[in-house]
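Remarks on the structure that follows.
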Amino acid sequence: MTWHPHLWHPTTQVASSPEPLQVRSARGSELELSDGRRLIDAISSWWVTLHGHAEPAIAAAIARQAQQLEQVIFANFSHEPAEQLATRISALTGLERLFFSDNGSTAVEVALKIAWQWWRNQGSERRQVIAFEGAYHGDTFGAMALGERSLFTDPYEPLLFAVARVAWPHSHWGDDAVEQREQVALRQLEQALETPTAAVILEPLIQGASGMRVVRPAFLRAVAERVQAAGALLIADEVFTGFGRTGDLFACRRAGIQPDLMALSKGLTGGFLPMGATMASERLYQGFISERPEATFFHGHSFTANPLGCAAALASLDLLQANPERFQQFEVRHTPLLEVLSRHPLVRRPRCVGTMAAWDVDAGEASYLNPVGKQIQRHCLQQGVYLRPLGNVVYLLPPLGINEDQLDRCYSVVKQAMDTLMPV
Ligand SMILES: *Cc1c(COP(=O)(O)O)cnc(C)c1O
């Protein structure tokens, strides 16, 4: 097999990457390749596959919906799948209004545009946006501007608007210096909030892309208090953490914070269809209702509220709510396996939240370009487990439906991979 002459793959350097593997089908936690090999999908295909691949209830819901109403323009029209979904997610998030878009980046862009224009509609001069060090909010321009500047954003630097940046005091098992780092971060936040601030955006509990960097719920509560006291809006980017990933339906619920806006995508449709949703409070919604045309939120995507996506999302929510123990208990499945693994001489900073278990590999510098991740990935692939480490950060984020044997296999294969890195 060779690189296809007409495709361009995401975040892929063709000069140094192996050719992509040809997938024929997928079921549960497994991918089946064209050559018949099977791989355990230990990272839920970039964090989207929630229950498992080809989950029958979701596939059936999409098929039913496709025969009834596949798509309709969502300005001038509404439909039941969208209405049901909005009602259900509102009840779960405490945010009354749902605005649809197509992916996580757009869900973040919409949250930021709503926050920004809401203040403007009130004639307010709040112009500052605060984000955290290491943040990742997507690859479109607004989302890139909110995210940490990096190798990924360097070429576009002059096009990105400025945001104020606050430290992210991430932690791990056995970390006894975390409180001090949290205090430093909170002082930075307080200082930044002295400038009139429109919004503060964060990834609740786990910063995903920057290396599965976990903060404590108490830190998030302290942040939320300060943001509220300053009168700024709090945006929770739950694109990665939403829908059971962190052991509760939403990371904000687990942390005990109530944001004003929430961005959702990835697990929203159970990982079947691209869809984004931005939840907003009724207070924000009301700030756009006016006789003045310029107060309108002029934003809309062609596929807004796609009925197939809504049907998939409703079926996925049914599954989550019928079996809450599947996400609530996942951390209990990871913990003993990660405890054993954490005794490996190369393992540093083990951490686990919900379905996510991660650690740093003590080899070379901490960077996305550290080749150790690629070496581990190669070894694991040969042994039938698909991982995609972030530089020297290795993580497991399996679908909820992964069975015990498959989960054990992920841990034993990744341990072997690290053994091969040890000096002999
Ligand atoms: C993946 C991700 C995004 C971007 O979502 P896309 O669907 O890839 O555009 C935004 N925020 C967070 C926290 C993410 O993990």
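The values are calculated or read from the model by the stated rules, or taken from the named source; none is laboratory data. In this text, all values refer to a predicted model and were calculated from it rather than measured experimentally. Here Cβ is always computed from backbone atoms with ideal geometry, including for glycine, and neighbour counts include all displayed protein chains. Side chains included, ligands, DNA and RNA excluded: accessible areas come from the protein's heavy atoms. Shrake-Rupley method; radii C 1.70, N 1.55, O 1.52, S 1.80 Å.
In sequence order, segment 110-127 has phi-based couplings of 5, 4, 5, 5, 4, 4, 4, 6, 4, 5, 4, 4, 8, x, 8, 9, 5, 10 Hz under the Karplus curve 6.51 cos²θ - 1.76 cosθ + 1.60, θ = phi - 60°, and Gly or Pro positions carry x. The accessible surface of segment 340-388, taken with every protein chain in place and a 1.4 Å probe, is 49 percent carbon and sulfur. Here the label points at Asn403 and Arg38, each 7 Å from Cα along the C-beta direction, are separated by 0.8 nm in the simple model.
With an 8 Å cut-off on Cα pairs and a minimum separation of 6 or more residues, tell me the relative contact order of the chain in percent. Relative CO of the chain lands at 21 percent.
The residues of segment 56-323 expose, per residue, 43 Å² of accessible area to a 1.4 Å probe. Peptides 279-290, 227-238 ranked from most to least packed, by the mean per-residue count of other Cβ atoms within 10 Å: 227-238, 279-290. Using the average count of surrounding beta-carbon atoms within 10 Å as a protection proxy, the listed peptides 215-223, 123-131, 388-396 rank, highest first, as 388-396, 215-223, 123-131.
Comparing Ala313, Ala59, Ala86 in a Gaussian network model of the chain where C-alpha atoms under 10 Å apart are linked, the largest mean-square fluctuation is found at Ala59.
The length gained by stretching the chain between Leu7 and Phe141 to full extension, at 0.36 nm per residue less their Cα-Cα distance, is 45.9 nm. Only helices enter the 222 nm calculation for the chain: every DSSP H run of n ≥ 4 contributes -39,500 (n - 2.57), and dividing by all residues gives -11000 deg cm²/dmol, rounded to 500. Using a simple spin-label model with pseudo-atoms 7 Å out from Cα toward Cβ, Asn323 and Asp419 lie 3.2 nm apart.
Note on Lys374: aspartates and glutamates with a C-alpha under 19 Å away, same-chain residues under 8 apart excluded, are Glu19, Asp41, Asp360, Asp362, Glu365, Asp419. Highest mean packing comes first when the peptides 154-165, 341-352, 186-197 are listed by Cβ atoms within 10 Å, giving 341-352, 186-197, 154-165.
For the chain, the antiparallel share of DSSP beta bridges with both residues in that region comes to about 65%.
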